[in-house]
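> Please find one structure pasted underneath; my questions will follow.
The values are calculated or read from the model by the stated rules, or taken from the named source; none is laboratory data. Computed from a predicted model, the values in this text were never measured in an experiment. Positions of Cβ are backbone-derived with ideal geometry, glycine not excepted, and every protein chain shown enters the neighbour counts. Surface areas here come from the heavy atoms of the whole protein model, side chains and all, with no ligands, DNA or RNA. Shrake-Rupley method; radii C 1.70, N 1.55, O 1.52, S 1.80 Å.
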Amino acid sequence: MLLPRCLPLLLLLPLSSRPQKFPTRDEELFQMQIRDKAFFHDSAVIPDGAEISSYLFRDTPKRYFFVVEEDNTPLAVTVTPCDAPLEWKLSVQELPEEASGEGSGEPEPLEQQKQQITNEEGTELFSYKGNDVEYFVSSSSPSGLYQLELLSTEKDTHFKVYATTTPESDQPYPELPYDPRIDVTSLGRTTVTLAWKPSPTASLLKQPIQYCIVINKEHNFKSLCAVEAKLSSDDAFMMAPKPGLDFSPFDFAHFGFPSDNNSGKERGFLKSPSKFGRQTSSKPRVDLHKVCIGNKNIFTVSDLKPDTQYYFDMFAVNTNTNMSTAYVGTFARTKEEAKQKTVELKDGKVTDVFIKRKGAKFLRFAPVSSHQKVTFSIHSCLDAVQIQVRRDGKLLLSQNVEGVRQFQLRGKAKAKYLIRLKGSKKGASVLKILATTRPNKQSFPSLPEDTRIKAFDKLRTCSSVTVAWLGTQERNKFCIYKREVDDNYNEEQKKREQNQCLGPDTRKKSEKVLCKYFHSQNIQKAVTTETIRGLQPGKSYLLDVYVIGHGGHSVKYQSKLVKTRKFC
């Protein structure tokens, strides 16, 4: 095949390529050839100004050749290692006489050129060894037959090559700003805020650029190609957060964020390279996540682990070409958890505990005497809380507690117990806790499973209501209170007053109806009723029942809203 002198042409081909028609810089022809998949099948031939992806076997060099027809031709070659360092060099030698002759219609003696390149040493122009994205750029290259040789001595690996004779006009890679560093602008226990300067390709050239952030706990990455090589082929990349919401990762599975939930995720815009090679082995999952966030240049990563070092990389991606450029990565260590003050529990004494929303409190119980059993009684006044109990570092108990619960654990001489209480996600938590080595020490009254108050509608009158509630087999004191409320009093207001730990001592004397003792050995018959008299017609009342234990501690049943009849 004869190469015309009228147009500088860049061709890349493996040493074993057969003679064939190569793509040119003609855009219409180029686009047609790109669409023709058969044209590129089983071939490393690419047109001038396109990027190829290929594969290297360890210790097996791969050579490419391209022809520059005219002297003083601009030339740029970019090699991107993916998951292993590469050794590569670029050399040139004069074109054989046949390559520069006028077209005669006869095929170019390509075999003769390959034989000549094999037997003759060219002039080495550039060489590199490492895992950085490296460039060879020349504004005036001589005509000749160029050879690009690549070698991986570490392992089988992927790589990418881009070459062009028009580097000034192509610019497929996004340009970095004058300061390409990522700044850490804010650092918390579970969050890191990053900021960077925009790519001039977006701000000046108005080309479509999006930024992709990669977070991991191992090291920084030099290219997106390296990131994708690290991720398994069936990992899904996270989609960009909705406007106004920053990335909350590590739904970072292995950072404290869930791993098996792929809902809301989409496949990344760059496909993971195929798995070729002489040996295949499944790699362990890594704490590595990528998220593309559009064109904004400030971002907060959340749900990280406290006191943990993370590495952050940011890539500007040209969405027209899918080619990317790496900013200078950074790393940061999240702040330590605020040291919790540990509250000492005294044997047999009730302790009040307040926990902020999503917060936690630590308590310590160290019995002074030997003991066979230890009992923990907990009264959660509002929403459910979580309790964990460790004895000398060993986890003995982990439970959610709502209302009143009691746990009895086997004791051990000179043992020390660490109790961790975790609050509700809905709001602040209030609770009471008692730890004792004396099994008969019961400050909290026992409660039935159902603590609702039932009102009998058919027994309502203009001045009275009849209610019932469940008791237990333990003899306890029950006190009932009433309070008149407005007609527009609703369930939401009632819910705000459901602090079960507020006892009768917080009520007005005028609200007290009566107190009585009640129990039943037959749990099926442990029901009591009471008629509350002296009410006003057509009025609403809030009824509360308190059960008071032997130690004086009270627990409130669920409040009941009732209304007397208006006409009788």
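> Excluding ligands, DNA and RNA, what is the solvent-accessible area per residue of region 123-187 at a probe of 1.4 Å, expressed in Å²?
Ligands and nucleic acids excluded, the figure is 50 Å² per residue.
> OK, next. Given H placed 1.01 Å from N in the peptide plane, which residues other than close sequence neighbours of Asp383 have an amide H under 5 Å from its amide H?
Val430
> Give me the percent relative contact order of region 343-436, please, defined on Cα pairs under 8 angstrom at least 6 residues apart.
Computed value for region 343-436: 48 percent relative contact order.
> Can you compute 3J(HN,Hα) from phi for each residue in region 443-460, using the Karplus curve 6.51 cos²θ - 1.76 cosθ + 1.60 with θ = phi - 60°, rounded to whole Hz and x for Gly and Pro?
7, 8, x, 6, 10, x, 5, 10, 10, 7, 9, 9, 9, 9, 5, 5, 9, 5
> At 1.4 Å probe size, with the rest of the protein present, what percent of the exposed accessible area of region 343-436 is carbon and sulfur atoms?
Of all accessible area on region 343-436, carbon and sulfur atoms account for 47 percent.
> If packing is taken as the average count of other Cβ atoms within 10 Å, what order do 387-397, 518-528 fall into, highest mean first?
387-397, 518-528
> Something else now. Could you work out what % of the accessible surface of region 122-241 is carbon and sulfur, using a 1.4 angstrom probe and leaving DNA, RNA and ligands out of the count?
Here carbon and sulfur together make up 50 percent of the probe-accessible area.
> Let me ask another. Given +1 on the Cβ of Lys and Arg, -1 on the Cβ of Asp and Glu, and no further charges, what dipole in debye does region 453-563 carry about its Cα centre, rounded to the nearest 20?
The calculated dipole for region 453-563 is roughly 280 debye.
> Longer than 27 Å from Cα to Cα, which of Lys155/Lys217; Lys129/Lys197; Lys349/Lys426; Lys361/Lys426; Lys373/Lys394; Lys222/Lys296 are they? Say none if no pair is.
Lys129/Lys197; Lys349/Lys426
> Considering only protein heavy atoms and a 1.4 Å probe, what is the carbon-and-sulfur percentage of the accessible area of region 453-563?
Heavy-atom surface of region 453-563 belonging to carbon and sulfur, 1.4 Å probe: 46 percent.
> Skipping prolines and chain starts, which residues have an amide H placed within reach, meaning under 5 Å, of the one on Val328, given they are 5 or more residues away or on another chain?
For Val328, whose amide H was placed from the backbone, the distant partners under 5 Å are Arg181, Ile182.
> With unit charges on the beta carbons (Lys and Arg positive, Asp and Glu negative) and the dipole taken about the Cα centre of region 383-435, which residue among Ala413, Leu431, Leu396 sits farthest to the positive side?
Going by the charge dipole, the pick is Ala413.
> Related question: Given a 1.4 Å probe, how much area per residue of region 329-422 is accessible, in Å²?
61
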